[in-house]
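Okay, structure first, notes after.
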Amino acid sequence: MVELAQWIGKLGMELGPSQLEQFEIYYHEMMDWNERASLTAITDHQEVQTKHFVDSATVALVLSGEEVRRSSTKIIDIGTGAGFPGLPLKILLRQPRLTLLDSTAKKAAFLRHVVDKLKLSDVEIVNDRAERVAHLPQYREQFDVVVSRAVAPLATLVELALPFCRLGGKFIAQKKGTLEQETREARKAIEVLGGRLSEVRRIEMKVFRDVRYLVVVGKISPTPQKYPRRPGMPGKRPIHE
């Protein structure tokens, strides 16, 4: 994990020996489970370090010092899959409390297994649809930070994510490619769901051959109770102008 440590250093952070060991265990457990749980198409050791671990760590660039340091900070990762970006952030930052949400049972089983293997505390695995979980009182508007990576177009994502976000919190979407049209189409959804687009951060790192962004949406007002709509609707009929 030498390359991982070097790139994390370029992000202004440092990985200790125990964290590097955790990332190594994470990689091997993911490869062991990959065939039966369809976790990732990327299996090369070096590529997993950069395209999964370093990519996940870039989310920390738009977190405040307070969010990083506080053990009371609550993060939820929507559609986490094999744990990205939530688990690398937990290994890197240690302090925040993490919830990993995924609707696929095999992926949730892997997450429970790997969290146990990594001996991580304050990590909850939820196996359900975001559209249902977001209406439960223990999750609705309870999180300081909501993250999501490669799940859906932004107009759909904000309906799935902002109901989890507390007032004053933020939603961070990891995106690739051209974003102008996608952010334009998401403006109405962001407004309706109680958000405000606060930043689009381009990730300038030579390790990535493509263009990557962090789209940050602040939560400025409560989400209307009817959102998110029933499972499947945010994707089929996104809120547009």
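Coordinate-derived values only; no laboratory data. On a predicted model such as this, the values are computed, not experimentally measured, just so you know. Cβ sites come from the backbone with ideal geometry, for glycine too, and all protein chains shown count toward neighbours.
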Sequence ranges 70-82, 181-193, ranked by mean other-Cβ count within 10 angstrom, highest first: 70-82, 181-193
Consider all pairwise Cα distances in region 39-170 and report the whole-number % of them above 25 Å. 19
Taking 1 over the mean of 1/r across every pair of different Cα atoms in the chain, what Kirkwood radius in Å do you get? 17.9
What are the ³J(HN,Hα) values, in whole Hz, obtained from phi via the Karplus relation 6.51 cos²θ - 1.76 cosθ + 1.60 with θ = phi - 60°, for each residue of region 93-99 in sequence order, with x given for Gly and Pro? 8, 6, 6, x, 7, 10, 10
Would you pull out the residues with amide H under 5 Å of G83's amide H, same chain only if 5 or more places away, H placed 1.01 Å from N? none
May I ask you to evaluate 6.51 cos²θ - 1.76 cosθ + 1.60, the Karplus curve with θ = phi - 60°, for each residue of region 164-174 and list the ³J(HN,Hα) values in order in whole Hz, giving x for glycine and proline? 7, 8, 6, 4, x, x, 8, 10, 10, 10, 8
Region 203-241 versus region 8-25: alpha-carbon centroid distance in Å: 28
Straight-line reach from K206: which aspartates and glutamates have Cα under 14 Å away, leaving out those fewer than 8 places along the same chain? E3, E47, D55
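Would you mind calculating the relative contact order of region 2-236 from Cα pairs under 8 angstrom and at least 6 residues apart, reporting the percent as a whole number? It would help to have the intermediate numbers written out before the result.
Values: 433 pairs, mean separation 38.1, N = 235.
In percent, rounded to a whole number, it is 16.
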Using θ = phi - 60° and the Karplus form 6.51 cos²θ - 1.76 cosθ + 1.60, what ³J(HN,Hα) does each residue of region 62-73 get, whole Hz, x for Gly and Pro? 10, 9, 6, x, 5, 4, 6, 7, 6, 6, 8, 4
Tilt of helix 105-117 relative to the longest C-alpha principal axis of the chain, in degrees (0 to 90, nearest 10)? 50
